[in-house]
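The values are calculated or read from the model by the stated rules, or taken from the named source; none is laboratory data. Just so you know, these numbers come straight off a predicted model, no measurement behind them. Here the Cβ positions follow ideal geometry from the backbone for every residue, glycine too, while neighbour counts run over all protein chains shown.
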Amino acid sequence: MTVSSTASSQPLLVLDHVSKSFRQGRHQVLHAVRDVSLTVHAGEIVALVGESGSGKTTLGRIALGLLKPDQGRVSFDGHDFSALAPEQFRALRTGMQPIFQDPTASLNPRRTVRELLLQALWKTPDAGAARCVRLLEDVGLRPALQYLDRYPHELSGGQRQRVSIARSLAMEPRLIIADEPLSGADVSIRGQILNLMLDIQRSRNVAYLMITHDISIARAFADRVAVMMQGELVEVGPSQQVLRQPSHAYTKRLVAAVPALG
Ligand SMILES: Nc1ncnc2c1ncn2[C@@H]1O[C@H](COP(=O)(O)OP(=O)(O)O)[C@@H](O)[C@H]1O
Ligand SMILES: [Mg+2]
């Protein structure tokens, strides 16, 4: 990993020797994340891959400040989470937004698209109307007026995921942490959602921490790939290098399991 001294190349997100354990029953402790260090730079796409249970979601939740690590530090835009007062953290956190796997679960079913977006914008209907339209157009829901007053259940799965992406863009984040954003979507629309996420990255220069068990998504998408196994980061590097010449046996196995890559 390159470390430069210029301020502009200071990483946006820094996970520094982060660990997190969970108690399982009375005597057992599960080390979900062990001593992981990882950075994401502005505009960069980092894929976090690994089998189910390897600790990816836990690491993503730590990066978002939803979970406190037992050890280690997290910082965003140079600010150490643990040094911030709650209101400072909330302000900082607007620059970092999640996209979850299942938009049905993350969108309140009793709110219309307009209400969901206004809530994310922290705006009143009058002040936020134009922004709602722009956001929907930005995620390919056009004409926006056709979607504003619908409820989530009146949308297709792909449209719901687009709404949840629009919502995460509302605060103009610099980093999006997407946890398996495609696995809830129909196979036929995964490509479209992936392309939308790439368009957003290019037009807004957002960075992604893209959590996925699907290594072919990492190849299509990522600048760098980080590989987790049983809570540990076993390999990280440019995606071409990690996926073409994996150095860790576990990564080799993951790559070999995808016919098009192996
Ligand atoms: N809140 C929790 N309480 C107890 N165990 C948890 C909790 N969250 C995750 N785990 C465990 O931590 C391990 C890593 O889980 P997770 O981060 O969800 O992995 P992944 O996203 O790679 O599938 C798993 O064994 C999981 O069961
Ligand atoms: Mg997960």
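The residues in segment 223-246 that are within 26 Å of K20 (Cα to Cα) and either modelled with pLDDT under 95 or β-branched (V, I, T) (or both) can be counted, and the count is 5. Among the criteria (1) in the same structural domain as Q159 (by TED's automatic domain parsing); (2) over 30 Å from D186 (Cβ atoms), the one S106 does not fulfil is (2).
Conditions tested, residue by residue: (1) more than 19 Å from L118 (Cβ to Cβ); (2) aliphatic (A, V, I, L, M).
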| residue | (1), (2) |
| --- | --- |
| P143 | no, no |
| Q146 | no, no |
| I165 | no, yes |
| P173 | no, no |
| D179 | yes, no |
| L209 | yes, yes |
| A218 | yes, yes |
| M228 | yes, yes |
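Confirm whether L198 is under 21 Å from P11 (Cα atoms) and surrounded by fewer than 17 Cβ atoms within 10 Å (Cβ to Cβ). Taking the combined requirement at face value, the residue satisfies it. Among the residues of segment 137-196, those that are among the aliphatic types (A, V, I, L, M), part of a helix (DSSP H, G or I) and under 25 Å from G43 (Cα atoms) comprise V163, I165, A166, L169, I189, I193, L194, L196. What residue, among those in segment 102-139 that are in contact with a Pro (Cβ under 7 Å, 6 or more places away or on another chain) and crowded, with 20+ Cβ neighbours inside 10 Å, is farthest from H153 (Cα to Cα)? Restricting to residues being in contact with a Pro (Cβ under 7 Å, 6 or more places away or on another chain) and crowded, with 20+ Cβ neighbours inside 10 Å, the top hit is L118. Being more than 16 Å from ligand 1 (Cβ to nearest atom) and outside the structural domain of E137 (by TED's automatic domain parsing) holds for only one residue in D214, D199, and it is D199.
Results for (1) touching a residue at least 60 places away in the same chain (Cβ under 8 Å); (2) within 13 Å of the chain's Cα centre (by Cα); (3) outside the structural domain of N205 (by TED's automatic domain parsing); (4) within 30 Å of D199 (Cα to Cα), shown as yes or no for each residue.
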| position | (1), (2), (3), (4) |
| --- | --- |
| V33 | yes, no, no, no |
| V40 | yes, yes, no, yes |
| D77 | yes, no, no, yes |
| A83 | no, no, no, no |
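For segment 69-90, filtered to residues that are among the charged types (D, E, K, R) and surrounded by 12 or more Cβ atoms within 10 Å (Cβ to Cβ), the residue that is nearest to Y208 (Cα to Cα) is D77. When A207, A178, A166, A185 are checked against the criterion of being under 26 Å from C132 (Cα atoms), more than 15 Å from the chain's Cα centre (by Cα) and either small (G, A, S) or outside the structural domain of V46 (by TED's automatic domain parsing) (or both), A185 stands alone in meeting it.
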